[in-house]
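Here is the structure we will look at.
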Amino acid sequence: MFVYTAQPARVVFGTGSLGLLAEEVERIGRSRVLVVAGERHRERVEGVLGELAVGAFGGAVMHTPVEVTEQALAVLRDAGADCVVAVGGGSTTGLAKALAVRTGVDQVIVPTTYSGSEVTPVLGETADGVKTTRTSPDILPETVIYDVDLTRSLPHDVTVTSAVNALAHAVEALYSPQANPVVDLLALDAVRRLAAGLRGSGDREQLLQGAWLAGTCLGSVGMALHHKLCHTLGGSFDLPHAPTHTVVLPHAMAYNVAAAPEAMRRIAEALDVEDAPRGVFDLVTTAGGPTSLRELGLAEADLDRAAELAVGTPYPNPAELTRDGLRALLGRAWAGERP
Ligand code: NAD
């Protein structure tokens, strides 16, 4: 048995699609836009929006701290905005979601990385150093505009780590307890596109389509060990989001390889490799991505506590989660061993 719920969102995909922004805002009946974007994109976005833009905020940072959301909320209220247009990575999208869930404003998101957050009803926020996650239909953006041109300025290292962040959504969707035929198709196509993009010196269109499909998987089914471990490492040890995903993914897959053989077989086939965890590790190495938690700044002395934290809250995962098993996994990821 399975249950499949499609998330209602409008997606506009293409090169140069940012030009449709004003039309898309008007289409959802909004006329007063708060632009959430960094310096790189702000002027261009305001130019496209013309008089629809009534305010701007450029201070989004990773993990959506509530203090930053409060500042943006004041700007939104002063401007009398009825809509947020966010142009940037997962950090910028997170701020738009935090504003929407507090005020009910609509969101038009223009993602410039491959995080996939724009198609999920999930918001992670940080208050007093603790990151919590909530899910609500009010968090899901109304419209997503994917413009391949905006991803061309992404530096190579961000391109690689962000694409592997997306790959992780697709991988864990395939062994999720909520897995279903629609999500399986999306996930396998995402794996193929992301791998092709990573191998072909970053074919931007493949990567962005893969990211959308993988994000849709993340928004549809529950994730497992890999995402929980990365959440712990990011939240409690302040490790960077996408690089952490890049290092941990092959090791989390190796932990689950015997317990999810069919999912691993399908991933290996989509990657065109013999062994799925090793195939992902090799993909990262060839693309020049990070392979060890050590190089991301985690101290070896923190591995015991990380294993404790990760085993503390139980969650569904194909292989049984044990403290010793997770400590061994983290040790290999810390050292950067090939699984
Ligand atoms: P990010 O948004 O912080 O961006 C990474 C880096 O890339 C930043 O330095 C940013 O300035 C730069 N950048 C972005 N677009 C660029 C461009 N076009 N050109 C040049 N540089 C550019 O990182 P991210 O990995 O996209 O997002 C991470 C955040 O998103 C985390 O807080 C994470 O928790 C959240 N997230 C949430 C979900 C969800 O469903 N709720 C899913 C994935 C990630």
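The values are calculated or read from the model by the stated rules, or taken from the named source; none is laboratory data. Note that this is a predicted model, so its numbers are computed, not measured. So basically every Cβ, Gly included, is an ideal-geometry build from the backbone, and we count neighbours across all protein chains shown. These area figures cover heavy atoms from the full protein model, side chains too; ligands, DNA and RNA do not enter into them. Shrake-Rupley method; radii C 1.70, N 1.55, O 1.52, S 1.80 Å.
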Please identify the pairs in which a residue from region 76-99 that is farther than 23 Å from E51 by Cβ has its Cβ atom under 7 Å from the Cβ atom of a residue that is open to solvent by 10 Å² or more (accessible area, probe 1.4 Å) and more than 10 Å from the ligand (Cβ to nearest atom), counting only partners at least 6 apart or on another chain. L95/V68
For region 183-221, which residues satisfy the criterion of being in contact with a Phe, Trp or Tyr (Cβ under 8 Å, 6 or more places away or on another chain) and more than 13 Å from G116 (Cα to Cα)? V183
From H231, H227, which residue is within 16 Å of the ligand (Cβ to nearest atom) and out of contact with any helix residue (DSSP H, G or I) (no Cβ under 8 Å at 6 or more places or on another chain)? H231
Please enumerate the residues belonging to region 259-277 that are closer than 18 Å to E320 by Cβ and part of a loop (DSSP other than H, G, I, E, B). A259, A260
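Taking region 309-339 on its own, how many of its residues are at pLDDT below 95 and outside any loop (DSSP other than H, G, I, E, B)?
4
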Only one of (1) more than 10 Å from the ligand (Cβ to nearest atom); (2) in contact with a helix residue (DSSP H, G or I) (Cβ under 8 Å, 6 or more places away or on another chain); (3) more than 25 Å from V284 (Cβ to Cβ) is not met by A170, so which one is it? (3)
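Which residues, counting only those in region 194-215, are part of a loop (DSSP other than H, G, I, E, B) and either open to solvent by less than 30 Å² (accessible area, probe 1.4 Å) or modelled with pLDDT of 95 or more (or both)?
G202
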Looking across region 225-252 at residues that are of a type outside the set (A, V, I, L, M) and touching a Phe, Trp or Tyr at 6+ places or on another chain (Cβ under 8 Å), the single one that is most open to solvent (accessible area, probe 1.4 Å) is K228
What about E70, is it more than 20 Å from E142 (Cα to Cα) and either touching a helix residue (DSSP H, G or I) at 6+ places or on another chain (Cβ under 9 Å) or more than 12 Å from the ligand (Cβ to nearest atom) (or both)? yes
Out of region 173-189, which residues are within 16 Å of the ligand (Cβ to nearest atom), within 19 Å of L208 (Cα to Cα) and either in contact (Cβ under 8 Å) with a residue 40 or more places away in the chain or outside any helix (DSSP H, G or I) (or both)? A173, V183
P318 vs. criteria surrounded by 17 or more Cβ atoms within 10 Å (Cβ to Cβ) and in contact with a Pro (Cβ under 6 Å, 6 or more places away or on another chain): no
From V101, V110, residue being under 16 Å from V25 (Cα atoms) and either more than 9 Å from the ligand (Cβ to nearest atom) or acidic (D, E) (or both): V110
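Results for (1) among the hydroxyl-bearing types (S, T, Y); (2) open to solvent by 50 Å² or more (accessible area, probe 1.4 Å); (3) in contact with a Cys (Cβ under 8 Å, 6 or more places away or on another chain), shown as yes or no for each residue.
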site	(1), (2), (3)
M1	no, yes, no
T5	yes, yes, no
F13	no, yes, no
S17	yes, no, no
R27	no, yes, no
R32	no, yes, yes
V45	no, no, no
Residue in region 83-98 that is over 18 Å from L21 (Cβ atoms), crowded, with 24+ Cβ neighbours inside 10 Å and more than 10 Å from the ligand (Cβ to nearest atom) present: yes
Scanning for something more than 22 Å from the chain's Cα centre (by Cα), closer than 19 Å to A254 by Cβ and of a type in the set (A, V, I, L, M), does region 277-290 turn up at least one residue? no
Mind checking which residues of region 47-67 are open to solvent by less than 80 Å² (accessible area, probe 1.4 Å), under 14 Å from T92 (Cβ atoms) and within 15 Å of the ligand (Cβ to nearest atom)? F57, G58, G59, A60, V61, H63, T64, P65
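Looking at L174, L185, L218, L167, can you tell me which residue is open to solvent by 40 Å² or more (accessible area, probe 1.4 Å) and within 24 Å of Y315 (Cβ to Cβ)? If you could, list the steps in order and put the result at the bottom.
On the way: L174 fails: open to solvent by 40 Å² or more (accessible area, probe 1.4 Å); L185 fails: within 24 Å of Y315 (Cβ to Cβ); L167 fails: open to solvent by 40 Å² or more (accessible area, probe 1.4 Å).
Exactly one residue qualifies, and that residue is L218.
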What is the residue count in region 21-75 for residues that are in contact (Cβ under 8 Å) with a residue 12 or more places away in the chain and farther than 20 Å from V11 by Cβ? 31
